[in-house]
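A.B. asks: This is the structure, below, for whatever I ask next.
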Amino acid sequence: MRLLVFAIAALLIAIQWPLWLGKGGWLRAWDLDRQLLTQRGVNGTLSARNAELAAEVASLREGREAIEERARHELNMVRDGEMFFQIVPARRDAAGATASERSQK
């Protein structure tokens, strides 16, 4: 009787082994599901970025406003009769004080 119980237990373990640890087992399925969720998140981020880039390309192809805005922002271009002012932040010394703060002391 004891031998029969051990034989049945061994058969159950032999049957369960591929289900849990085999090539298409539950552990592999859970791991693949986790990878799938991660990849879907990455794909969503990339899809949003692609949509932004496509909208920017369409804007640049359709109108001059986007081209002008880009030239003004990236190349600091101005129209005739306009004046360009650039504000340079004050330099700080090692103690963190500006030149005007040092002269007041």
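Bear in mind that the values in this text are calculations on the coordinates, not laboratory data. These numbers were taken from a predicted model, which means no experiment stands behind them. All Cβ positions, even for glycine, are placed from backbone atoms using ideal geometry, and neighbour counts span all protein chains on display.
A.B. asks: Once you place label points 7 Å from the Cα toward the Cβ at Thr45 and His73, how far apart are they in nm?
C.D. replies: 2.2
A.B. asks: Still on this structure, I have one more. Give the average over all directions of the projected area of the C-alpha convex hull of the chain, one decimal, in nm². Could the numbers behind the result be given before it?
C.D. replies: Values: hull surface 75.5 nm².
Mean orientational projected area (the chain, Cα hull): 18.9 nm².
A.B. asks: How many angstrom lie between the C-alpha centres of the range 79-93 and the range 15-50?
C.D. replies: Value for the Cα centre distance between the two parts: 53 Å.
A.B. asks: With charges set only on the Cβ (+1 for Lys and Arg, -1 for Asp and Glu), what does the dipole of the chain come to about its Cα centre, in debye to the nearest 20?
C.D. replies: On the way: 15 positive and 13 negative charges, 151 e Å.
My answer is approximately 720 debye.
A.B. asks: One quarter of the convex hull surface, Cα atoms only: what value does that give for the range 24-79 in nm²?
C.D. replies: Values: hull surface 22.1 nm².
Orientation-averaged projected area of the Cα hull: 5.5 nm².
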